[in-house]
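Here's the structure we're looking at; comments come further down.
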Amino acid sequence: MEIFHLRYFMAVAEHLSFSKAARQLHMATSPLSQRVRDLEHELGQRLFERDSHHVELTRAGAALLPVAKDVVGRFDDIPWRLRQEMCLERKTAYVGVTPALHPGLREQLTRLEERCAQEFDVKRWPGNSANLVAAVQRGDLAMALVHLPVHADRIEVLELMHEPLGALLPSAEFGSRSSVSLNELTDHTYVCSAPGTLPTYFEQLKVRLRAAGIRKEVTLNIGDYASVREMVANGSAFSITLLRAGRDAANGDTGDPAVRSGYYGAGPCVVVPFRDFAPALPTGLIWRRDRADLGGDLHQLVREAQSMFSEPVE
């Protein structure tokens, strides 16, 4: 038995689906299923009841799950526990930063770096929300600013803000509009980038769009937001992005990833609010609960971060 056997088992147990677990693990379903069978053979216990329609944990699988989480958690803790034992005078703390982070939160992070400079060398680590959450769980990152929701073992979440989202539309059809309603888009195609490149909140948005009668959908096979813009610019299509993407571009600010992707307020595409729909992307600060507890190696840093990020964002 190796640690990856337990990781594979945990992924299937979390999703109760071999196909979903395989996508999370970036592997094919067949080898994942074989690795789980190898684990079952070694343990002498059947861990899942499975057929073509559903997957369920057996009694043995349910008993193994907390043990596996504990073992994998302790294994992933080795790097940061070793660093802690080395007792370096000034610790390096990596903070994950998701793409399209609000500029106000970036400014607060800069102030946190300055405030904690004597004890911590705070460095930024970019990544998408799912990867950053996993890195915080493993102990590779001290904290992370990610898009919510986040539901993960041993992770604490401080919700910071909700940013309004709007419709990315072709200027040729909607260039003079100040808003749009969902029922105006039922004949348009919803365009989104590749799976894993968008926050999980966008899965909830898809449900809302389908309920409004928007049935046509195109998912690109790349995570290039500029490609989304190009598809929308062709006409009869739309996407969803941060409202500030259009405002920032109109003001000449191209520093934000969403703006650099091509969401321009005066070009082939426009970004306008919805009249009958108020989507908002939540962002929060996450950290490992045990590392922030009294006596944990990040106790002081997390306390400072909670104080800093609780201040209103301008």
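The values are calculated or read from the model by the stated rules, or taken from the named source; none is laboratory data. No experiment lies behind these values; they were computed from the predicted model shown. Ideal geometry is used to build each Cβ from the backbone, glycine not excepted, and the neighbour counts take in all protein chains shown. Areas reflect the complete protein model, heavy atoms only, side chains present, ligands, DNA and RNA absent. Shrake-Rupley method; radii C 1.70, N 1.55, O 1.52, S 1.80 Å.
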Scalar couplings 3J(HN,Hα) for segment 164-179 by Karplus 6.51 cos²θ - 1.76 cosθ + 1.60 (θ = phi - 60°), nearest whole Hz, x for Gly and Pro, are x, 10, x, 8, 8, 10, x, 4, 4, 9, 10, x, 9, 8, 9, 6
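Please tell me which of these pairs span more than 26 angstrom C-alpha to C-alpha: Lys20/Lys216; Lys69/Lys123; Lys123/Lys206? Display every interim value, and only then the final one.
Details: Lys20/Lys216 23 Å; Lys69/Lys123 28 Å; Lys123/Lys206 35 Å.
Those over the limit are Lys69/Lys123; Lys123/Lys206.
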Calculate, for segment 89-185, the solvent-accessible area per residue in square angstrom, rolling a 1.4 angstrom probe over the heavy atoms of the protein chains. 45
Can you pull the one-decimal nm distance between simple spin-label points at Arg106 and His151, each 7 Å off the Cα toward Cβ? 3.2
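With an 8 Å cut-off on Cα pairs and a minimum separation of 6 or more residues, tell me the relative contact order of the chain in percent.
Values: 515 pairs, mean separation 62.7, N = 314.
Over the chain, the number comes to 20 percent.
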Work out the charge dipole of segment 1-139 with +1 on the Cβ of Lys and Arg and -1 on the Cβ of Asp and Glu about the Cα centre, then indicate which of Val55, Asn128, Gly44 is farthest towards its positive end. Asn128
Modelled label-to-label distance, Glu311 and Glu217, 7 Å Cα→beta-carbon offset: nm? 4.1
Helix-only estimate, please: 222 nm mean residue ellipticity of the chain, summing -39500 (n - 2.57) across DSSP H runs of length 4 or more and dividing by its residues, to the nearest 500. -12500 deg cm²/dmol
Simple Cβ-charge dipole of the chain, Lys/Arg +1 and Asp/Glu -1, about Cα centre, in debye nearest 20: 400
Counting sequence-distant residues (5 or more places) and residues on other chains, those with an amide H built under 5 Å from that of Glu163 are Leu281, Thr283
Options (i) 17.3; (ii) 18.4; (iii) 14.9 - which one matches mean projected area of the Cα convex hull in nm² as calculated here: (ii)
Kindly write out, for segment 297-308 in residue order, the coupling ³J(HN,Hα) from the Karplus curve 6.51 cos²θ - 1.76 cosθ + 1.60 (θ = phi - 60°), rounded to whole Hz, with x marking Gly and Pro. 5, 10, 3, 5, 5, 5, 4, 5, 5, 4, 5, 5
I need to check one value: relative contact order of segment 97-153, counting alpha carbon pairs closer than 8 Å and at least 6 residues apart, in percent. 42
Placing unit charges on C-beta atoms (Lys and Arg positive, Asp and Glu negative, everything else neutral), compute the dipole magnitude of segment 40-168 about its Cα centre in debye, rounded to 20. 220
Near the amide H of Val97, under 5 Å away, which other amide H atoms are found, from residues 5 or more places off or on another chain, if H is placed in the peptide plane? Trp125, Gly127, Leu145
Eigenvalues of the Cα gyration tensor times 5, then square-rooted: what semi-axes does that give for segment 1-112, in whole angstrom, largest first? 36, 20, 11
Using a 1.4 angstrom probe and counting only protein chains, how large is the accessible area of Ile3 in Å², to 10? 50
Among Ser19, Cys269, Gly139, whose Cα projects farthest towards the positive end of the dipole of the chain, with charges put on the beta-carbon of Lys, Arg (+1) and Asp, Glu (-1)? Ser19
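Would you work out the charge dipole size for segment 117-220 about its Cα centre, treating the Cβ of every Lys and Arg as +1 and the Cβ of every Asp and Glu as -1, and quote it to the nearest 20 debye? Before the final figure, lay out the partial values.
Values: 10 positive and 12 negative charges, 62 e Å.
It works out to roughly 300 debye.
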Along the positive direction of the dipole of segment 80-181 (beta-carbon charges: Lys, Arg +1; Asp, Glu -1; about the Cα centre), which of Ser176, Pro164, Thr110 reaches farthest? Thr110
Rh_Kirkwood(segment 199-245) over Cα pairs, Å, one decimal, evaluates to 11.9
